[in-house]
Amino acid sequence: MSAPQDSAIPVGAFPAPADATSILLFGGSFDPPHTGHFRLPSLARDAIGADWLIYIPAARSPFKSDGPIADADSRVAMLREGLAESGARRAGVATLELDRARTGAAPSYTIDTLREIQSRLDDRTKLRLLIGADQAREFHRWREARAIIEIAEPAVMLRAGDGAAQRELLDAMRDHWSAAEMKRWESWIIPLPQIEASSTEIRRIVREEGDRSERLKELTTPGVLSLIRHSGLYRS
C-alpha cells in the first residue's frame, strides 16, 4: 500500500531539512494513527519552539511481546495520509527503524535510533524526544535511559491544568532519579489539551462494529479510514 502521490508530507529514512536546527522526534506504533497523533505533537513542537517534527513508526517495542498488527508500509501510508489531511506542516515520517527491522535488527531500541539520527545531523542540531506521561513514568527502564537524555531531552505531554496528574507522575519517578534530574524532568513537562482517542479503540470498533462505524470518524481522519477499509485491516 502507498500513500497518495500528492501528499505534502515527506517520507524517508530521516526526512528532516538540512537547515533545521531543532527537531522534535515522536515514535510509536501508529497502529493505526489517531486524532491525538495528528494534533498533539504539532502543539508540542510549537510549544518548545522546534523547527521540525519527525514521526518515527516503530518496528516492535522492546516492552511488548508482539508487534504491530498492520504491516510497516500500511502504517506509514496511514500516518502520511492523516498528517496531510490534518494540515500538518514542518513534519515528516522517518522510516529508519522500519528499515533497520527489515535487516533483522529488532526490536526497536530508542537509543539505537537516536545514535543513528545523530550520525546524520550537524552537531549543532538539537534533538528532543516527545513522550507521554506513561512513558515518562517508566523511562528508567529504557535501555541506556540517561544516554538517551544526553542526546535528546524528553518533552513530556501532560493534560493541561491537571496539577494532580503532574504531582502523581513526579512522585512515581522520584525513586529512580536524583533530585537534580527530577528538576529537569519537571521542566520538560508540556501541558497540552486532552484528546480522547486511541489506536486500541479504533481496532476494537473495526473488529466488533465494522470499518464503516460512525464512531470511527471521531477518532481518525477520512483518509486513514479509507486505507483501513481498502486493506481490510483490523477486521479480525
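The values are calculated or read from the model by the stated rules, or taken from the named source; none is laboratory data. Because the structure is predicted, anything quoted here is derived from the model rather than measured. Backbone-built Cβ (ideal geometry, glycine too); neighbour counts: all protein chains shown. Side chains included, ligands, DNA and RNA excluded: accessible areas come from the protein's heavy atoms. Shrake-Rupley method; radii C 1.70, N 1.55, O 1.52, S 1.80 Å.
What's the Cα-based Rg to Rh of the stretch 119-180, Rh via Kirkwood?
Checking Rg against Rh, the ratio lands at 1.02.
Using a 1.4 angstrom probe on heavy atoms only, work out the carbon and sulfur share of the accessible area of the chain in %.
Using a 1.4 Å probe with all protein chains present, the chain comes out at 46 percent carbon and sulfur.
5 Å is the cut-off here: which amide hydrogens, built 1.01 Å from N in the peptide plane, fall below it relative to residue 91, excluding neighbours closer than 5 in sequence?
So residue 91 has HN proximity to 53.
If you take the square roots of the eigenvalues of the alpha-carbon gyration tensor of the stretch 87-146 and sort them as a ≥ b ≥ c, do you get rounded (a/c under 1.5), prolate (a/b over b/c) or oblate?
It is rounded, given that a/c, with a ≥ b ≥ c, falls under 1.5.
Tell me, what is the per residue accessible area of the chain in Å², probe radius 1.4 Å?
So the chain comes to 49 Å² accessible per residue, rounded to a whole number.
Taking the chain as the reference, fit the longest principal axis to its C-alpha atoms, fit the long axis of helix 222-231 to the helix C-alpha atoms, and give the angle between the two in degrees, 0 to 90, nearest 10.
60
Just to confirm the number: angle between the C-alpha axis of helix 72-85 and the first principal axis of the chain, 0 to 90 degrees, nearest 10?
Helix 72-85 sits roughly 90 degrees off the main axis of the chain.
Rank by packing, highest mean first: peptides 83-95, 164-176, 197-209, 213-225, with packing defined as the count of other Cβ atoms within 10 Å averaged across residues.
Highest mean packing first, the order is 83-95, 213-225, 197-209, 164-176.
Testing the spin-label approximation: label points 7 Å from Cα along Cα→Cβ at residue 194 and residue 174. State their distance in nm.
2.5
Compute the length gained on full extension between residue 141 and residue 160: take 0.36 nm times their separation in residues and subtract their Cα-Cα distance, giving the result in nm to one decimal.
Gain on extension, residue 141 to residue 160, equals 4.2 nm.
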